[in-house]
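Read through the structure below, which is laid out as structure tokens, and then see the notes.
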Amino acid sequence: MIGNKGRDTKPELAVRRLLHAQGLRYRVNVRPLPEVRRTGDVVFTKKRLVVFIDGCFWHGCPEHYTAPRSSTEYWGAKVRDNMERDADTNARLRAAGWVVLRFWEHEDPSAVSAAVVAAVA
């Protein structure tokens, strides 16, 4: 699992490129709440807006997640834990006054960036 990228994935880079082209400036892989060990993929600190671009396998996408054939108990628990952590992260951030946007890696980067631009405005 050490070979799996935690940041700068292709979907993240595509969205960030489009956001930058729109003139938006943001922070990358930042903890919105320093006391919580979770980082946003794109963070607008002054607007208190955080964007997550979740991988379909790692976060249990309802459209594309397929359970692996080996070590099913391990991977099932891992993905369930990730989904629970995502929900907890959303709740903590929203309680602290942040706007949370979550997208799947398979979503069109243009549509994602348009949604983010609208939220920032």
- Query: Which one of Gly23, Gly97, Gly76 is outside any loop (DSSP other than H, G, I, E, B) and surrounded by fewer than 15 Cβ atoms within 10 Å (Cβ to Cβ)?
  - Reply: Gly76
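Yes or no, residue by residue, for (1) of a type in the set (Lys, Arg); (2) in contact with a Pro (Cβ under 7 Å, 6 or more places away or on another chain):
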| residue | (1), (2) |
| --- | --- |
| Val50 | no, yes |
| Ala67 | no, no |
| Ser71 | no, no |
| Arg85 | yes, no |
| Thr89 | no, no |
| Val99 | no, no |
| Pro109 | no, yes |
| Ser113 | no, no |
- Candidate set from segment 8-20 (those that are over 15 Å from the mean Cα position of the chain (by Cα) and surrounded by fewer than 17 Cβ atoms within 10 Å (Cβ to Cβ)); member that is farthest from Lys47 (Cα to Cα): Arg17
- Query: Applying the selection to segment 30-58, what residues are open to solvent by less than 40 Å² (accessible area, probe 1.4 Å) and of a type outside the set (A, V, I, L, M)?
  - Reply: Pro32, Gly40, Asp41, Phe44, Phe52, Asp54, Gly55, Cys56
- Scan segment 100-117 for residues that are touching a residue at least 12 places away in the same chain (Cβ under 8 Å) and in a helix (DSSP H, G or I) and jot them down. Pro109, Ser110, Val112, Ser113, Ala115, Val116, Val117
- Query: Which of the residues spanning segment 34-56 are among the aliphatic types (A, V, I, L, M) and either within 12 Å of the chain's Cα centre (by Cα) or modelled with pLDDT of 95 or more (or both)?
  - Reply: Val42, Val43, Leu49, Val50, Val51, Ile53
- Message: Which numbered condition in (1) under 16 Å from the mean Cα position of the chain (by Cα); (2) modelled with pLDDT of 95 or more is the only one that Ala95 fails?
- Response: (1)
- Residue list for segment 59-73, filter: without any contact (Cβ under 8 Å) to a residue 24 or more places away in the chain, within 24 Å of Phe103 (Cβ to Cβ) and open to solvent by 80 Å² or more (accessible area, probe 1.4 Å): Pro62, Thr66
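The values are calculated or read from the model by the stated rules, or taken from the named source; none is laboratory data. These numbers were taken from a predicted model, which means no experiment stands behind them. Cβ: placed from backbone, ideal geometry, glycine included. Neighbour counts: every protein chain shown. Ligands, DNA and RNA are excluded from the accessible area calculation, which covers all protein heavy atoms including side chains. Shrake-Rupley method; radii C 1.70, N 1.55, O 1.52, S 1.80 Å.
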